[in-house]
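To keep things clear, I will list the structure first and then write my remarks on it.
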Amino acid sequence: ELAELLFGHITKTPQEVEAEFPPRGIEGNVTRFAPSPTGFMHIGGLFAALICQRVAHQTGGVFFLRIEDTDKKREVEGGVEEIVNSLSTFGIEFDEGATSSTTEKGEYGPYRQSQRASIYQTFAKSLVEQGKAYPCFCTEEELGDIRSKQESIKANPGYYGEWAVHRDMPFEQVKELVIKGVPYVLRLKSNGSLDKKVECKDGIKGKIEMPQNDQDIVILKSDGIPTYHFAHAVDDHLMGTTDVIRGDEWLSSLPVHLQLFYELGWKAPRFAHIAPVMKLEGSSKRKLSKRKDPEAAVSYYHQMGYPSDSVIEYLLNLANSSYEDWRRQNPDAPHEDYVLDMKKMSVSGALFDIIKLNDISKTVISKMTAQKVYDMTLEWAKIYDKEFAALLEADEEYAVRILAIGRGGKKPRKDIAKWSDVKDYMAYFYDELFAQSQPEAEVDKEIITEYVKIFDINDDKDVWFNKIRDMSEALGYAGDMKAYKAEPEKFKGNVGDVSTIIRIAVTNRSNTPDLYDIMQIIGEKRTAQRLNKYVV
């Protein structure tokens with residue numbers, strides 16, 4: 001009678017709903033990434049999504065995206081697209097799930113919880129029929145009074161046992177309130193006790209033992225929309241989730257979730273709780289904060305121009321310390337070949353290190369062709385630096401020649417960590433950008449005056465260097481490094497010092513790629529103009 005009173009509009013049985021979601025019949029793991037569409041994608045979320053994808057795909061299973069949008073107050077317009085685009089940008093492809101706020105793919109949808117209300121209510125109705133759930137008519141004020149009384153006698157806070165005032169309300173009284181339209185929530189009638197323990201083998205943390213849940217938690221809100229706790233249990237069962245991999249902020253909810261699966265009569269999936277990504281602040285560690293740390297937002301990596309492979313390589317390095325050794329042994333293998341081991345994940349939280357990310361990214365970019373670096377830099381610049389994009393587009397061949405310097409071979413240069421570095425890296429090749437810079441050190445005019453006399457753009461590299469060496473010796477510098485190291489007091493300096501002076505005159509910098517290659521690309525006229533500024 002109570003179930004029909006509350007859910008008379010629900011005509012399907014749980015068995016009929018389950019028939020619409022048949023077992024998947026696959027051997028691999030089924031995982032999900034289930035974020036809320038709040039418009040902000042945390043790097044920790046991307047990290048979790050990557051782990052979920054790997055655990056599914058490396059076992060031949062399924063990875064799906066479910067949008068947990070039951071909290072409409074936090075939802076923002078375009079939030080789903082932000083999630084989908086973030087995953088796509090970093091190469092984390094899902095097999096099923098929401099593809100936008102209005103579209104999806106897969107046979108186990110809808111993949112947005114807000115569109116599954118009747119499914120949740122079907123199972124809520126079943127719990128009421130079994131005497132496992134009941135309506136609670138408490139107002140916020142009444143709940144506040146209960147909390148105050150509990151505090152005054154130092155009782156555990158919450159809605160349970162003797163404090164659950166509507167738990168055993170007679171049916172006629174409930175019926176009267178419902179007919180009057182008094183708002184209510186639906187609560188699970190808990191049989192748990194804090195004196196008893198629930199055990200779980202966590203895929204990352206190992207064996208976990210926690211007190212049972214004794215609270216009569218809300219499973220449906222007053223608008224008939226489920227709470228996260230209830231919705232996730234129903235969805236993970238129907239969608240065939242075998243492994244729930246999530247942040248360890250949900251660890252405290254584990255007794256509730258295990259209890260829900262048990263009360264619904266279902267086998268619980270395996271759980272694994274990922275420790276948060278941490279940041280060093282002084283001598284202590286704290287969680288990456290979206291308020292304090294720009295690098296907490298996934299959008300930061302796109303704005304700064306980190307290649308998606310660099311970010312994924314770094315996250316795999318955070319996930320398993322053995323990844324770094326694997327990469328050294330397999331320098332050219334795609335990162336998809338690495339087999340992730342959840343048992344090797346940090347229990348206390350991996351420490352985020354932007355310097356390490358930059359080092360990894362420099363290696364990733366150093367292996368790219370000059371054309372690919374050009375294409376990806378241009379794609380980034382069209383969004384974030386349109387003036388630089390115009391320079392690149394004005395002469396593609398020129399830009400690619402610049403980016404080709406020192407690229408390829410066994411020891412390629414590693415100057416670029418992200419696409420936002422490229423403008424500064426290339427600046428002295430463009431007069432517009434070169435004019436905005438100043439020499440990094442004082443230029444010896446005598447050296448430049450003498451060099452202008454012997455400069456010939458047509459010299460090959462050996463002739464070019466021999467001329468500089470001979471000129472250096474004529475000016476009192478050592479042309480032979482061994483001789484200089486043996487008796488440095490005999491010389492003004494060495495041929496390397498002279499080359500650096502020429503480098504500064506041409507580029508305004510003391511550290512650049514090969515100077516000969518730079519001058520060949522800049523050309524005779526431009527190189528001569530820059531040198532002649534220092535001629536006595």
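The values are calculated or read from the model by the stated rules, or taken from the named source; none is laboratory data. Predicted, not measured: the structure shown is a model, and the values here were computed from it. Positions of Cβ are generated from backbone atoms using ideal geometry, with glycine treated the same way; all protein chains shown enter the neighbour counts. The protein model used for the area step is the full one, side chains on, heavy atoms only, and it has no ligands, DNA or RNA in it. Shrake-Rupley method; radii C 1.70, N 1.55, O 1.52, S 1.80 Å.
Brief remarks follow.
- Segment T11-E249, extension gain: residue separation times 0.36 nm, minus the distance between their alpha carbons: 82.0 nm
- Solvent-accessible area per residue for segment 387-434 (1.4 angstrom probe, square angstrom): 50
- Counting only Cβ charges, +1 for Lys and Arg and -1 for Asp and Glu, the dipole size of segment 295-378 around its Cα centre is about 100 debye.
- Applying 1/(1 + (r/R0)^6) with R0 = 35 Å to the Cβ-Cβ distance of V178 and F21 gives a FRET efficiency near 0.70.
- Computed about its Cα centre, the charge dipole of segment 130-180 is approximately 180 debye, with only Lys, Arg, Asp and Glu carrying charge at their Cβ.
- Candidates C200, V174, A164 compared by Cα position along the dipole of segment 121-202: farthest toward the positive end lies C200, with charges placed on Cβ.
- Accessible surface for F47 stands near 10 Å², nearest 10, in the context of the full protein assembly shown (1.4 Å probe).
- Total formal charge among the other residues, if their Cβ is under 11 angstrom from that of F271, Lys/Arg +1 and Asp/Glu -1: 0
- For segment 392-516, with +1 on Lys and Arg beta carbons and -1 on Asp and Glu, the positive-most of P513, I457, L392 along the dipole: P513
- Residues in segment 280-319 that a label on S348 would reach, taking backbone N under 15 Å of a point 7 Å out along Cα→Cβ: 280-281, 283-287
- Members of K73/K221; K290/K344; K445/K492 lying beyond 18 Å, as alpha-carbon distances in this model show: K290/K344
- Stretchable slack from L280 to E162, in nm (0.36 nm times residue separation minus alpha-carbon distance): 37.9 nm
- Accessible solvent surface per residue of segment 78-128, calculated while the other protein chains remain in place, 1.4 angstrom probe, Å²: 35
- A simple charge model with +1 on the Cβ of Lys and Arg, -1 on the Cβ of Asp and Glu and nothing else charged puts the dipole of segment 76-178 at about 340 debye relative to its Cα centre.
- Links that overshoot a 25 Å alpha carbon limit, given the list K287/K411; K386/K461; K411/K461: K287/K411; K386/K461
- Segment D332-K154, extension gain: residue separation times 0.36 nm, minus the distance between their alpha carbons: 57.9 nm
- Cβ-derived FRET efficiency at R0 51 Å, E209 paired with Y398, nearest 0.05: 0.20
- Expected 222 nm ellipticity per residue - DSSP helices of 4 or more, -39500 (n - 2.57), all of the chain, to 500: -13000 deg cm²/dmol
- Net charge in the neighbourhood of P513 (other residues with Cβ under 13 Å of its Cβ; Lys, Arg +1, Asp, Glu -1) is +4.
- Length-normalised contact order of segment 168-225 in % [C-alpha pairs under 8 Å, at least 6 apart]: 39
- Spin-label zone in segment 408-445 - amide nitrogen under 13 Å from a point set 7 Å from the Cα of T369 along the C-beta vector: 408
- Across the protein chains, with a 1.4 Å probe defining accessible surface, the residues H42, H335, H232 rank H42, H335, H232 from largest area downward.
- S253 - accessible surface, heavy atoms, 1.4 Å probe, Å² rounded to 10: 20
- Inter-centroid distance (Cα atoms) of segment 275-326 relative to segment 471-509, Å: 43
- Over segment 289-412 - Rg/Rh using Cα atoms and the Kirkwood inverse-distance radius: 1.02
- Calculated accessible area for segment 198-286 comes out at 40 Å² per residue, all protein chains present (probe 1.4 Å; ligands, DNA, RNA ignored).
- Shape of segment 1-123, Cα gyration tensor, a/c cut at 1.5: oblate
- According to the Cα-based calculation, Rg over Rh for segment 69-152 is 1.16, with Rh computed by the Kirkwood formula.
- Protein accessible area in the chain, 1.4 Å probe - carbon and sulfur %: 49
- Relative to the globular-protein estimate of 2.2 N^0.38 Å, the Cα radius of gyration of segment 135-210 stands at 1.47.
- Between N458 and E93, the FRET efficiency estimated from the beta carbon spacing at R0 = 60 angstrom works out to 0.70.
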